[in-house]
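Before any comments, here is the structure.
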Amino acid sequence: MTAKTPRVGFVSLGCPKALVDSEHILTRLRAEGYDISSSYEDAQLVVVNTCGFIDSAVEESLEAIGEALDENGKVIVTGCLGARGDMVQQAYPNVLAVTGPHAMEEVMAAVHRHIPRPHDPYTDLVPAAGLKLTPRHYAYLKISEGCNHRCSFCIIPALRGDLVSRPVEDVMQEARNLVDAGVRELLIISQDTSAYGVDVKYRTGFWNGQPIRTRMTELCRALAQLGVWVRLHYVYPYPHVDEVIPLMAEGHLLPYLDIPLQHANPRILKAMKRPASAENTLRRIATWRDTCPDITLRSTFIVGFPGETEAEFQELLDFLNEAQLDRVGAFAYSPVEGAAANALPGAVDEDEKQDRLRRFMEKQAAISSAKLQKRIGTRIDVMVDGQDETGDLIARSMADAPEIDGIVIVENSPPRQSGEILTVTVTEATEHDLIARPVDSKD
Ligand code: SF4
């Protein structure tokens, strides 16, 4: 066993039925790679399997729990006395968990909450972080599947069903495994990140002995403790999104929000079945920027939605002018089979759609590139993604999500490992990317 293998102490009291329960739990602990400790000091927690048959057995069990608490401090109680949970809790309010007899799954769940399941590379077929298709230093972390909205242009709910949030403890454990495996940036994804936990009524889960609600803000706070870049994608513009902006301002989350807005005209937004107040959105954007001046806003829009008039499209262009978003993706409406919006009157002619898309992209390109120009001369932190054939580093700033945003080309830098973070001074800006050099570079 390596020194790092987590160790569980075990005290087994009571009759043969209790003994068999103990054997099952011990077998499972070993099968999962935990070591069994014969001393209190050596164990990270202690399971006490109790007996409650007669008064003297109750006494003996309570004494055993007290001794384990004194000697070790972290105790899970199971067995017959555990069925009288209030008695145990009253005598020892600081036990970690109490289960009844024959409750191996509950005991194991409590053990997992307090000392995560070990990983044995000799017996496990995949690394704890799982198999990944992304480079080693960043990873996508999916927190839920499906969606409860019914946007009229989208068939995802029909394909993937309603929202199902992953248990917060599973998400946190996966995040921990990824960070332990070398990941330096977590990209939080889902169909609808801000809806996380709605389906489970924001239930409180436990990870590392810490209660965490299944909710976007609380998950973000917990992820921030892992000490890596955390970037939020696909954040539907619910009001509670405002809660995460202070976390960005305080440096706990990347100051980056990918928030699909889709349109700005209220009638079109209504037909899309999206929140329909562009004015409100502009006000919110202004407040976000007040709270977190460095925030990068990315959004996506659809042009040529059925019934969109030239005036409504113009309203969208005006919105872009006002909102001054940093990064924008746009699509010409495409009638995906099964989308409710296909039945709406006023389909926009294909050439007209493409023309609107071109005008939209031209306007936004001017905005995005003016924003990049303003960064010349500033100092920014970048994460290294690799090196090109000329020896320049290919990196990204906090404003750049991998694959979809721009890059920062760092000239005159000694070689660096992927995932390293360095501070650079921006020297030039192209339409999408920045050129920079390390702050200590002499050239
Ligand atoms: S567009 Fe997004 S929010 Fe709307 S239904 Fe599709 S997945 Fe859900």
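The values are calculated or read from the model by the stated rules, or taken from the named source; none is laboratory data. Predicted, not measured: the structure shown is a model, and the values here were computed from it. No Cβ is skipped: glycine too gets one built from the backbone with ideal geometry, and neighbour counts run over all protein chains shown. For the accessible areas, the whole protein counts, side chains as well, though only heavy atoms, and no ligand, DNA or RNA atoms are used. Shrake-Rupley method; radii C 1.70, N 1.55, O 1.52, S 1.80 Å.
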Conditions (1) at pLDDT below 95; (2) more than 16 Å from the ligand (Cβ to nearest atom); (3) open to solvent by 10 Å² or more (accessible area, probe 1.4 Å); number of the one not met by Ile155
(2)
May I ask you to list the residues in region 247-297 that are within 24 Å of the chain's Cα centre (by Cα), within 15 Å of the ligand (Cβ to nearest atom) and either farther than 24 Å from Cys154 by Cα or not β-branched (Val, Ile, Thr) (or both)?
Asp258, Pro260, Leu261, Gln262, Arg274, Pro275
Phe331: surrounded by 17 or more Cβ atoms within 10 Å (Cβ to Cβ) and more than 23 Å from the chain's Cα centre (by Cα), yes or no?
no
Output yes when any residue across region 171-185 is open to solvent by less than 40 Å² (accessible area, probe 1.4 Å) and within 16 Å of the ligand (Cβ to nearest atom), and no when none is.
no
Taking only region 395-425 into account, find how many residues are over 25 Å from the mean Cα position of the chain (by Cα) and on the phi < 0 side of the Ramachandran plot.
10
If you take the residues of region 135-152 that are within 7 Å of the ligand (Cβ to nearest atom) and open to solvent by 20 Å² or more (accessible area, probe 1.4 Å), which of them is farthest from the chain's Cα centre (by Cα)?
Arg150
Restricting attention to region 274-299, which residues are within 23 Å of Ala339 (Cβ to Cβ) and at pLDDT 95 or above?
Ser299
Return only the number of the condition from (1) in contact with an Asp or Glu (Cβ under 9 Å, 6 or more places away or on another chain); (2) exposed (fewer than 15 other Cβ atoms within 10 Å of the Cβ) that Val228 does not satisfy.
(2)
How about region 278-318: which of its residues are assigned to a loop (DSSP other than H, G, I, E, B), of a type outside the set (Val, Ile, Thr) and open to solvent by 50 Å² or more (accessible area, probe 1.4 Å)?
Pro293, Asp294
